[in-house]
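Before any comments, here is the structure.
The values are calculated or read from the model by the stated rules, or taken from the named source; none is laboratory data. Nothing here was measured: the structure is a model prediction, and the numbers come from that model. Reconstructed Cβ throughout: ideal geometry from the backbone, glycine too, with neighbour counts over all protein chains shown. Just the protein is used for accessible areas: all its heavy atoms, side chains included, with ligands, DNA and RNA removed. Shrake-Rupley method; radii C 1.70, N 1.55, O 1.52, S 1.80 Å.
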Amino acid sequence: MTVTAKRRSRREEILEIAVGLFASRGYHGVSMDDIGTAAGVTGPALYHHFAGKEAMLAAALKPVSEGLLNGGKARVEACDGDSRKALAELVDFHVDFALANPAVIALHLHELDRLPEEPRREIRRLQRRYVEEWVQVLTVVRSELSAAEARVLAHAAFGLMNSTPFLGGEVERTQRAKLLRHATLSALLG
């Protein structure tokens with residue numbers, strides 16, 4: 001039996017190209033024509049898929065936040081109350097995401113504020129809910145922490161894990177994952 005990968009839509013391909021350009025040149029350094037040229041379509045043809053650059057940016061960032069929240073929840077639920085295991089699973093999940101998506105992380109770090117208020121607010125809400133998944137696990141694993149203290153540690157952990165856009169390729173990916181996991185768990189567990 002042959003398993004075939006789901007073919008990406010043209011919209012997804014264009015979005016991936018736009019994310020790469022936004023991450024490397026900055027949101028204001030990229031025009032619709034630049035994206036069209038890189039994608040091999042005319043600028044006006046892009047409007048068939050997206051209303052404009054802001055729509056592309058929102059389409060790139062919102063699903064990431066939704067995926068992190070849903071994936072994080074699923075990892076925690078699969079641990080059946082074993083909070084230490086849940087913490088390790090959250091770290092593994094996020095490190096895998098960060099290593100696979102450095103351009104998206106760079107986009108989040110540098111361009112989120114370019115979005116109009118409503119999509120930016122929705123993305124921030126999803127991000128806060130994802131952080132709270134970590135906080136709930138951390139306050140069980142480390143009962144001496146208040147929720148506010150656990151939140152500080154969670155954000156510090158994201159700083160470690162989300163450093164992937166700034167890491168060079170001189171360390172092989174598997175080793176980078178191992179180092180990021182170890183550093184993150186050490187920071188969280190103290």
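Diffusion of the chain by Stokes-Einstein, at 25 °C in a medium of 0.890 mPa s and with Rh set to the Kirkwood radius over alpha-carbon pairs, works out to 136 µm²/s. The GluC sites (Glu not before Pro) of the range 99-144 meeting both criteria, a DSSP state outside H, G, I, E and B (loop) and at most 10 other C-beta atoms within 10 angstrom of the site's C-beta, are Glu144. For the pair the range 168-190 and the range 111-138, the centres of their Cα atoms are 24 angstrom apart. Rolling a 1.4 Å probe over the protein heavy atoms gives the chain an accessible area of 55 Å² per residue. The length gained on full extension between Leu179 and Ser163, counted as 0.36 nm times the residue separation minus their Cα-Cα distance, comes to 4.6 nm.
For the range 19-115, a Kirkwood radius taken over Cα pairs fed into Stokes-Einstein (25 °C, viscosity 0.890 mPa s) yields D = 163 µm²/s. Orientation-averaged projection of the range 69-114 equals 3.6 nm² [convex hull of Cα atoms, one quarter of hull surface area].
Residue separation of Asp96 and Glu12 scaled by 0.36 nm, minus their Cα-Cα distance, works out to 28.2 nm of gained length.
To the nearest ten degrees, helix 10-25 and the longest principal axis of the Cα atoms of the chain are 80 degrees apart.
Normalised by the number of residues in the chain, the mean separation of alpha-carbon contacts (under 8 Å, six or more apart) gives a relative contact order of 22 percent. Counting only alpha carbon atoms, the long axis of helix 102-111 and the longest principal axis of the chain meet at about 80°. Could you work out how far helix 173-189 tilts from the main Cα principal axis of the chain, as a 0 to 90 degree angle to the nearest 10? Between helix and principal axis, roughly 50 degrees.
Label-to-label distance, Ser146 versus Glu118, with points set 7 angstrom from Cα along the beta-carbon direction: 3.7 nm.
A Förster radius of 41 Å combined with the Cβ-Cβ distance from Ala38 to Glu77 puts the calculated FRET efficiency at roughly 0.55.
Between Ser24 and Lys62, what's the calculated FRET efficiency when r is the beta-carbon distance and R0 is 30 Å? Round to 0.05.
The computed FRET efficiency comes out at 0.90.
Expressed as a whole percent, the accessible area of the range 1-141 that falls on carbon and sulfur atoms is 51 (1.4 Å probe).
Largest first and in whole Å, the equivalent-ellipsoid semi-axes of the range 11-72 read 22, 12, 9, each the square root of five times a Cα gyration tensor eigenvalue.
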